[in-house]
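Here is the structure we will look at, set down as structure tokens.
The values are calculated or read from the model by the stated rules, or taken from the named source; none is laboratory data. As the structure is a prediction and not an experimental result, all values here were calculated from the model. A quick note on method: Cβ atoms are made from the backbone with ideal geometry, for glycine too, and the neighbour counts reach across all protein chains shown. Ligands, DNA and RNA are excluded from the accessible area calculation, which covers all protein heavy atoms including side chains. Shrake-Rupley method; radii C 1.70, N 1.55, O 1.52, S 1.80 Å.
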Amino acid sequence: MDYSSTINLPKTDFPMKAGLKEKEPKIIKKWEEEKIYQKLRELRKEAPKCILHDGPPYANGDIHIGTALNKIIKDIIIRYKSARGFDSPYIPGWDCHGMPIELKVQESLGDKYKETSKFIMRKKCRAYAQKYIDIQRKQFKRLGVMGDWENPYLTMSPEYESEIVSVFSQLVERGYIFKGLRTIHWCMHCETALAAAEIEYDDNHVSNSVYVRFPVLNKINDKLNGNVDVMIWTTTPWTLPSNMACAFNKNLEYAAVKIDDRYAIITTSLIETVLSKNNLNLEGRDIIPISLDDIEKLEIVHPFIENRKSAVVFADYVEATAGTGIVHTAPGHGLEDYQTGLNYNLEVYSPVDRQGR
């Protein structure tokens, strides 16, 4: 007995199973054949515009849940705005430049990578990006996203790049562009610059720190004449070859304390802490106050690089919470040091090569 005939249900042509795997491609094909998107543009051509700019996905692999969700939400908004009477076109795009594509091409070349010219590398990267543009386009269309898929914008297209050059030339003509040096995050494995957003710090990493004495050349007073150093503390000893200055804070008090037959200039509030770090006692030590005028007149030399002077500079970020109240400054390493270097016209020097050596 057919029990389905005994159930009181509405009579429709709907199949018992949705069969979306087979049905959806037919629907999408019908939209394409009937040019639904183009007809909608024609229908709304006099209507008020509602433009949703597409922040493009990266052309280096299949779509994933993030890119799929992004496109579906945009499609919902555009369809809604179109249904509400707006002319809401959708021009999809792809980001075709950057390290992920280059790394994939580099991996495919293996040992031949270092022998490959930049011209050939760019051609291979362009081909790699185009491959995934075509793959992703099919996948996005399969999700039912409507748009001008035959005319996307690509960051590697001559039209797009020429527009960038055109805008850049306007900036040059208006005097906004200059060539100079600055500190950047650098990957010594990929040998390229990194965006700050790509940097992840290891909270468990422990760095060695050192106290370093910078000899003072000039006479400060009768007691301090050729027997005094400026003492700094740094957690990045590897930047010492790039030292160009020692930074003080005008709001801190400084003094010279006698340690091992020489005096060391330290901020007054940290003298006892510095001594204790070296298992030394404060009691009975000769301490001579150093004025701001004395500091400004200091002539300091690098502790181990011959004939290099270290300038005396002042910076608000110098604190008395740790160290010595004097900061080793290397404009070629670190943003604060770089900015101080600009303020005092110091050389932006870094002896580190592309491979971090």
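Observations, loosely collected:
- Residue pairs whose Cβ atoms lie under 8 Å apart, separated by 6 or more positions or on different chains, with the first residue in region 131-151 and touching a residue at least 12 places away in the same chain (Cβ under 8 Å) and assigned to a loop (DSSP other than H, G, I, E, B) and the second open to solvent by 30 Å² or more (accessible area, probe 1.4 Å) and of a type in the set (D, E, K, R), are Gly144/Glu24; Met146/Arg79; Trp149/Arg137; Trp149/Lys141.
- Across region 291-348, the number of residues qualifying as open to solvent by less than 90 Å² (accessible area, probe 1.4 Å) and assigned to a strand (DSSP E or B) comes to 10.
- A Cβ distance below 8 Å, combined with a sequence gap of six or more or placement on separate chains, defines the contacts here; from region 1-28, residues that are surrounded by 10 or more Cβ atoms within 10 Å (Cβ to Cβ) reach residues that are part of a helix (DSSP H, G or I) and at pLDDT 85 or above in the pairs Glu24/Arg142; Pro25/Arg142; Ile28/Lys141; Ile28/Arg142.
- Counting only residues that are open to solvent by less than 80 Å² (accessible area, probe 1.4 Å), small (Gly, Ala, Ser) and without any contact (Cβ under 8 Å) to a residue 60 or more places away in the chain, region 72-116 holds 5 of them.
- Qualifying residue in region 244-267 (condition: in a helix (DSSP H, G or I), of a type in the set (Gly, Ala, Ser) and touching a Phe, Trp or Tyr at 6+ places or on another chain (Cβ under 6 Å)): no
- Checked against the criterion of being modelled with pLDDT under 95 and out of contact with any His (no Cβ under 9 Å at 6 or more places or on another chain), the candidates Lys112, Lys131 yield just one match: Lys112.
- Taken together, the criteria place Val312 among residues that are touching a helix residue (DSSP H, G or I) at 6+ places or on another chain (Cβ under 8 Å), at pLDDT 90 or above and under 30 Å from Tyr349 (Cα atoms).
- Scanning region 29-40 for residues that are open to solvent by 80 Å² or more (accessible area, probe 1.4 Å) and not polar (S, T, N, Q) turns up Lys29, Lys30, Trp31, Glu32, Glu33, Lys35, Lys39.
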